Amino acid sequence: MSSDITVTVKFFAATRDAVGKPRMIKKIPKGATAYELLTILKEQYPQLDKAADQIIVAVNKENSKGDEPLSDGDEVSLLPPVSGG
């Protein structure tokens with residue numbers, strides 16, 4: 001039995017620019033949270049660190065605090081903060 005799960009990560013605006021692509025499939029340890037996924041991604045893509053404090057995390061198209069364990073097949077979106085005018 002595998003100790004990893006597979007999630008789809010979608011990137012928008014500054015996060016997409018930092019990573020250089022709009023989405024990726026990522027294997028992460030079973031039980032990892034979206035916050036832990038973001039930490040893993042920042043290690044691979046240090047440019048994400050500039051936007052990391054302002055990133056809004058959505059799991060399966062719903063806003064998330066990032067502290068719930070992810071499940072195999074989840075979709076995690078890393079969004080820039082919403083600004084209005």
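The values are calculated or read from the model by the stated rules, or taken from the named source; none is laboratory data. Since this is a predicted model, take the numbers as computed values, not measurements. So basically every Cβ, Gly included, is an ideal-geometry build from the backbone, and we count neighbours across all protein chains shown.
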Go through region 54-68 and give me each residue that's modelled with pLDDT of 95 or more and more than 17 Å from Thr8 (Cβ to Cβ).
none
In region 69-85, residue farthest from Ser3 (Cα to Cα) [restricted to those that are surrounded by 14 or more Cβ atoms within 10 Å (Cβ to Cβ) and modelled with pLDDT of 95 or more]:
Ser77
